[in-house]
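In what follows, a single structure is set out as structure tokens and then discussed.
The values are calculated or read from the model by the stated rules, or taken from the named source; none is laboratory data. Remember, predicted model here, so these are calculated numbers, not experimental data. With ideal geometry, Cβ positions are generated from the backbone for all residues, glycine too; neighbour counts draw on all protein chains shown. When the accessible area is computed, the model is the full protein with side chains, heavy atoms only, and any ligands, DNA or RNA have been set aside. Shrake-Rupley method; radii C 1.70, N 1.55, O 1.52, S 1.80 Å.
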Amino acid sequence: MYDFTPFYARLTESGLGHWLETLPARMRHWQQHQQHGELKKWQRSIAQLPRLTPSSVDISSQVRIGEASDANDGEKARIQGLLSQLMPWRKGPFDLFGVHIDTEWRSDWKWDRVFPHISDLSGRRVLDIGCGSGYHLWRMKGAGADLVVGIDPTQLFMTQFQAIKQYVPADTARDVELLPLGIEDMQPLQAFDTVFTMGVLYHRRSPIDFLQQCLDQLKPGGELVLETLVIDGDEQRVLVPGERYAQMGNVWFIPSTKALCHWLERLGMQNIRVVDENVTSLEEQRQTEWMQGQSLADFLDPSDRSLTVEGYPAPKRAVVIATKPR
Ligand SMILES: Nc1ncnc2c1ncn2[C@@H]1O[C@H](C[S@+](CC[C@H]([NH3+])C(=O)[O-])CC(=O)[O-])[C@@H](O)[C@H]1O
């Protein structure tokens, strides 16, 4: 079983020791009561991955661990076979010793939209709320962050993260961790320099409470980087879809960017700016060998791609950045 204790020591080193008031007990509770029925099977798959040492790693311009020449054909086939047992792979892509994991999402494109607008991550303590498989965690570390913590309650995604992490050289791997927690499991740490939450707000039933919980993780003067689905309209415009939005069953609030900024203002945030708006393309989210289920093309109206199959505006996403007052 994966051991989180070295991470507890790492937290103390980075001035996050106060998290240990609740985290070890929370993780023990998780270990005893909340493990997914398939977790042991997934963990067995990653335990069988071949032991390999990467001759090079690039987490600055992509997530590539090792080179094709670091592994023989048998080892590559083993990586391919074992990691395909962890499908669906949604967020990526990852390149592991020449095995290319072409995920449903081009998460690198999202990063390219976000990265030019955020404060320099060098030396910062960073939290990514709802980090999926952790693709962006590696890119945040690659951008110079001191410590990067992701939280995501989906245990398959945690296992995908661990599969990648076990190949990352120890001096980098110790600075990046994913905990199988939801935002509701976090004590208000008031300690991170940057808090990211991308693709999560619309899944929350109480979006303003969720934003407050995100802000509670930031130190005074820290930066919130929020990415979420938006619609067009004025500051009072919010879509609450019916049972499904683009076939997703758990979508609650899709505000206009003006409404989103208004919410952040009401929560006392400063320097609020919308830095990007982008209609999700069929190239960015699509079915691949590593995610063989339905994807965006199946969720849009075939006769009018500007609408979802339910008749709502097609997915459009905005990136909003704001500062917590000192
Ligand atoms: N309570 C919760 N607390 C934290 N995370 C949660 C919670 N509930 C669900 N999640 C997690 O939020 C992530 C949302 S995906 C964004 C991934 C990445 N950020 C991306 O921007 O590519 C986008 C999407 O699936 O629509 C999933 O990994 C959930 O497990």
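The figures follow:
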read-out	value
Per-pair calculated FRET efficiency, R0 = 41 Å: Glu13 and His203 via Cβ, rounded to 0.05	0.80
Alpha carbon convex hull of the range 142-239, projected area averaged over orientations, nm²	7.9
Over 18 Å between alpha carbons, listed pairs Lys91/Lys165; Lys258/Lys316; Lys219/Lys258; Lys41/Lys141; Lys41/Lys76; Lys40/Lys91	Lys219/Lys258; Lys41/Lys141; Lys41/Lys76; Lys40/Lys91
Helical mean residue ellipticity (222 nm; -39500 (n - 2.57) per DSSP H run of 4+; nearest 500) of the chain	-8000 deg cm²/dmol
Relative contact order, percent, the chain [alpha-carbon distance under 8 Å, six or more residues apart]	16
Percent carbon-and-sulfur accessible area, the chain, ignoring ligands, DNA and RNA, probe 1.4 Å	47
Net lengthening on full extension, Ser122/Gln236 (0.36 nm per residue, minus Cα-Cα)	37.3 nm
Built amide H within the under 5 Å cut-off of Phe192, gap 5+	Leu218, Lys219
Peptide ranges 93-101, 193-201, 27-35 listed from the most packed, as the mean C-beta count within 10 angstrom indicates	193-201, 93-101, 27-35
Against the rule of thumb 2.2 N^0.38 Å, how large the Cα Rg of the range 1-58 comes out	1.49
Cut-off 20 Å, label 7 Å out along Cα→Cβ of Glu243, residues of the range 274-307 by amide N	294-295, 298-301
Cα-based convex hull, the chain, per residue volume (Å³, whole number)	129
Val275/Arg28 FRET efficiency (R0 45 Å; Cβ-Cβ; nearest 0.05)	0.65
